[in-house]
Amino acid sequence: MKKKDTLLADAGPNTRLAHIGHDPHSFHGFVNPPVVHASTVLFPDSRAMETRAQKYTYGTRGTPTTDALCRALDELEGSAGTILVPSGLAAITVPFLAFLSAGDHALIVDSVYTPCRHFCNTMLTRLGVTVEYYDPEIGAGIEALIRPNTKLIHTEAPGSNTMEMQDIRAIADAAHRHGCIVTMDNTWATPLYFRPLDFGVDISIHATTKYPSGHSDIVMGSVSANGKYWPQLQEATITLGICGAPDDSYHILRGLRSMGVRLEHHQKSALAIAEWLEGREDVARVLHPALPSFPGHAIWKRDFKGSTGVFSFVLKADAPEKFKAKAHAFLDALTIFGLGYSWGGYESLAVHVNLSDRTIRKAPAEGPVIRLQIGLEDVADLRKDIEAGFAAAAAV
């Protein structure tokens, strides 16, 4: 191990983020890695070509640029290897395709990212995999759902939109007693605030579109595996022909450099807004794991090192027939908050959450769920914008 690598192993998160993934002295001292665009790679002779006796053989199998990002993510995750894929959804579906076969049974958390549910209910089912959804708060009780043919358990914490926390260690321990693979979508926390592989997860999944990018201009995903499952994951991505683009990899790597600083701001601002919302009469509930009032707070406090900028609240409404009208009035009155999907960028966003696809964790009865992404703007300005939304909703 190089001296710098030894020092970085004990360094703080922001120091590590500033230096991981690329050695400037490996390329003339430039602090950022070169962007290598490649499909064809030349070999020195026919024997080398036949045996593929060199590091790079074809563009889909990696370049110095994509490798720099993979090395950085492995450093953050503590993983044996990482693949890059074109989107966060692909980061979920590629491991499913890698590890599930016809006749297998998969357990998927009911608070899962909606496009993941669509993939499971359509393509995965068509391929002969039985899909069953489970309560996100089941914990060690998941063992009762494991069948002889259960192969994979997919987790996500906090859950999409409604933010339920999962006892990842308890689920992983139960899964491994039965030989099941555990995958986790850890996009919300990033490996700075939660490292899935340290809690027994086998495959850690991220939409690097979100906080690693940080600027709402890149779509990409990453999948990081432990040593046991890395070879099979790597083989699957080669077989599928899935790869990350060098320009996108470069921008994600650049985004990593400031991710720790940005997350601190997202965390501080989001908590300030969440605490303020808890005291409002027009809010039925605030769904944020870092709030002591949240049902999953104890798990968050025990396992996570921080919280980020995404949470939801239930807008109080006196009748179900008014839910949509109140939500639309609230959203349409916003100026600083944009109305858009995704999150993790510098700008604040808001969306009316659709929970109609849930099978276990149904939509709250008190009112519509509004998800907020708290960006890098000033809290005082965001509060004024939200107040305008509440005034419009109250007029419905």
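The values are calculated or read from the model by the stated rules, or taken from the named source; none is laboratory data. Owing to the predicted nature of the structure, the values given are computational and were not obtained by experimental measurement. Here the Cβ positions follow ideal geometry from the backbone for every residue, glycine too, while neighbour counts run over all protein chains shown.
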Scan the range 199-224 residue by residue and report those that are touching an Asp or Glu at 6+ places or on another chain (Cβ under 9 Å), over 21 Å from I138 (Cβ atoms) and outside any loop (DSSP other than H, G, I, E, B). H206, S222, S224
Looking for something buried (at least 23 other Cβ atoms within 10 Å of the Cβ), touching a Ser or Thr at 6+ places or on another chain (Cβ under 7 Å) and assigned to a loop (DSSP other than H, G, I, E, B) - is there at least one such residue anywhere in the range 225-236? no
Name, by its number, the condition in (1) at pLDDT below 95; (2) charged (D, E, K, R); (3) touching a strand residue (DSSP E or B) at 6+ places or on another chain (Cβ under 7 Å) that does not hold for K326. (1)
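Would you say G21 is in contact with a Pro (Cβ under 9 Å, 6 or more places away or on another chain) and either touching a residue at least 40 places away in the same chain (Cβ under 8 Å) or closer than 17 Å to M220 by Cα (or both)? Break it down stepwise before answering.
On the way: in contact with a Pro (Cβ under 9 Å, 6 or more places away or on another chain): yes; either touching a residue at least 40 places away in the same chain (Cβ under 8 Å) or closer than 17 Å to M220 by Cα (or both): yes.
Judged against the criteria, G21 is a match.
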Looking at (1) assigned to a helix (DSSP H, G or I); (2) surrounded by 22 or more Cβ atoms within 10 Å (Cβ to Cβ), which is the only condition M184 fails? (1)
Would you confirm, using the coordinates I've provided, whether D74 is modelled with pLDDT of 90 or more, part of a helix (DSSP H, G or I), touching a strand residue (DSSP E or B) at 6+ places or on another chain (Cβ under 7 Å) and not hydroxyl-bearing (S, T, Y)? yes
Options T237, T209, T187; residue that is touching a Lys or Arg at 6+ places or on another chain (Cβ under 8 Å), modelled with pLDDT of 95 or more and not aliphatic (A, V, I, L, M): T187
Would a scan of the range 20-28 turn up a residue that is polar (S, T, N, Q), farther than 23 Å from A225 by Cα and touching a strand residue (DSSP E or B) at 6+ places or on another chain (Cβ under 8 Å)? no
From the set of residues in the range 20-53 that are modelled with pLDDT of 90 or more and not in a loop (DSSP other than H, G, I, E, B), which is nearest to A72 (Cα to Cα)? T40
Reported set for the range 348-396 where residues are touching a Leu at 6+ places or on another chain (Cβ under 8 Å) and of a type in the set (D, E) is D385
Single match in G159, G141 (criterion: outside any helix (DSSP H, G or I) and small (G, A, S)): G159
